[in-house]
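The values are calculated or read from the model by the stated rules, or taken from the named source; none is laboratory data. Owing to the predicted nature of the structure, the values given are computational and were not obtained by experimental measurement. Using ideal geometry, Cβ is built from the backbone for each residue, glycine included, and neighbour counts are taken over all protein chains shown.
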Amino acid sequence: MTKLSEKYDLMVPRYTSYPTAPHFRNGIKGDIYRQWLKELNPTTPLSLYFHIPFCDEMCSFCGCYTKVVKRYDPVADYLEVLLSEIDLVAQALPSRFKASNLHWGGGSPTMLKGSDWKRIIERLFKRFDITDNATIAVELDPRTASIEYVKALSDAGVNRASIGVQSFDADIQKAINRIQPYEMTAKVIGWLREHGIDQINMDLMYGLPNQTTEMIEREAELAIGLQPARVALFGYAHVPWMKPHQKLIDESALPNADERWQQFEASSSKFIEAGYEPIGLDHFSLPDDDMSEALNEGTLHRNFQGYTADSAPTLIGFGASAIGQMHQGYMQNVSPLKQYSERITAGNFAIERGIELSQDDRLRGYVIERIMCDLSVDLNFVCRKFDVPNTTFISEIEKLKPLSEDRIINLSDNIITVTEIGRPFVRLVAAAFDAYLDNGKGRHSRAV
């Protein structure tokens, strides 16, 4: 396995979209977005994402769009603009829509005050029909949480919380500037369950500075003891050319490709032994979680929040830098907070870029999503589904032959199946179908 991890230590996208964000163009603006909104089918529920781009300090590993603030005033101002954007979108829709999935990410959504959540939820209920079984999920930073805050989330209807941990090891926490003792995390999870928020996600990382296989095994055991319904086991993506604050991390302390592989394998084994089902590239869920159910039913999806059981075909993004997805294409709000605020306050959408999908994009996006989610795709079925010749993917099959020879995939009669050995390399399999990858745009994270 050492030879494989070294041979395929390549930079490829994470495929939370296709085409990927580096290939979005500036030609998609508010007028196109307005037209796309008008064309939506009112009978189809929406998924809504809200980006809160604030933190009280910067974690060195972070790859998100966020700003460090020490006062509440900028957050309060941003909330007013976000509420205005909700109104703008709702007014542009052809009728009143249902929403089946609401997700707050960041940054840290818990930079909002507890009382803010009541205002946000009331505005959403005013503008949308929130379904009775809607998932209302919030990314929560235990370092800023209190039992009163958790109660406010519960009172607002939040039913799933995603807990950022990354590492339980004190030395690694210092190296990544995120001091969060195990006891703090355990206490907050206890508060969540006490207040009825019992769907708990947890984020861990491997490949962090000075991390060893023994450390990540211990961290997996601690995580299992807290019984989250889902675990995301991300490989740290060191991309200082995109995120300059990552230069604070000592590159010489980062594990090499083989060490990263060993860490992933060791921690994955811990979760599987504890009864978690492996989901795609790097997620694990308990068998009774709806993500496991979606995997078994073939309805698992992947979007900018990662793997999801959300079946809504339309994702509308709110907030600075937020990305949305529709049948017509992808669109992204402008990132600088000043520009975002000025555009929304003036009664305009804040869309800055995106991409209109061609039929070939949809074809390849479908193949890539099925590979990333199911670790398998029947190209014969795909060609029939999209009404294209069964010779469409001849060159891609040729690209995949070395992966087949290395037992990363099984390839037979145009059916591709990623092996268990190949699971960590699934992004490489998907990359064979990426028509944009070789045009020189964008630099990506390591494949493992």
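Worth a mention:
- Scanning the stretch 68-103 for residues that are of a type in the set (K, R) and surrounded by 15 or more Cβ atoms within 10 Å (Cβ to Cβ) yields one hit, K98.
- Per the conditions (1) at pLDDT 95 or above; (2) in a helix (DSSP H, G or I); (3) touching a strand residue (DSSP E or B) at 6+ places or on another chain (Cβ under 8 Å); (4) not charged (D, E, K, R), the sole criterion not satisfied by F264 is (1).
- Filtered residues of the stretch 315-340 (kept if surrounded by fewer than 20 Cβ atoms within 10 Å (Cβ to Cβ) and of a type in the set (S, T, Y)): S335
- When G107 is tested against (1) modelled with pLDDT under 95; (2) crowded, with 21+ Cβ neighbours inside 10 Å; (3) on the phi < 0 side of the Ramachandran plot; (4) not basic (K, R), just one condition goes unmet, and that condition is (3).
- Residue ID - farthest from A92 (Cα to Cα), chosen from residues in the stretch 124-155 that are in contact with a helix residue (DSSP H, G or I) (Cβ under 9 Å, 6 or more places away or on another chain) and of a type in the set (V, I, T): I147
- Any strands (runs of 3 or more DSSP E) falling wholly within the stretch 354-426 and containing at least 3 residues that are within 25 Å of the chain's Cα centre (by Cα): 415-418
- Check on V448, modelled with pLDDT of 95 or more and under 20 Å from the mean Cα position of the chain (by Cα): no
- Criterion violated by I147 - all others in (1) in contact with a Phe, Trp or Tyr (Cβ under 7 Å, 6 or more places away or on another chain); (2) crowded, with 20+ Cβ neighbours inside 10 Å; (3) β-branched (V, I, T) satisfied: (2)
- Residue match in the stretch 211-219 (condition: within 26 Å of Y65 (Cα to Cα) and assigned by TED's automatic domain parsing to the domain that holds F61): yes
- Residues that are touching a strand residue (DSSP E or B) at 6+ places or on another chain (Cβ under 8 Å), touching a residue at least 40 places away in the same chain (Cβ under 8 Å) and in a loop (DSSP other than H, G, I, E, B), drawn from the stretch 175-210: I176, R178, I197, G207, L208
- Taken over the stretch 429-442, residues that are at pLDDT 95 or above and in a helix (DSSP H, G or I) amount to 3.
- Selection within the stretch 171-187 - of a type in the set (A, V, I, L, M, F, W, C) and more than 19 Å from F234 (Cα to Cα): M184, A186
- Subset of the stretch 233-261 that is modelled with pLDDT under 90 and aliphatic (A, V, I, L, M) - its residue that is surrounded by the fewest Cβ atoms within 10 Å (Cβ to Cβ): A253
- Residue list for the stretch 156-166, restricted to those being in contact with a helix residue (DSSP H, G or I) (Cβ under 9 Å, 6 or more places away or on another chain) and either at pLDDT below 95 or in a strand (DSSP E or B) (or both): A161, I163, G164, V165, Q166
- Close pairs from the stretch 13-30: first surrounded by 22 or more Cβ atoms within 10 Å (Cβ to Cβ), partner among the aromatic types (F, W, Y), Cβ under 8 Å, at least 6 apart: P19/Y330; P19/Y436
- Of the residues Y49, Y65, Y8, the single one that is under 30 Å from R364 (Cβ atoms) and not assigned by TED's automatic domain parsing to the domain that holds W241 is Y8.
- For D434, the conditions (1) surrounded by fewer than 21 Cβ atoms within 10 Å (Cβ to Cβ); (2) at negative phi are fulfilled apart from (1).
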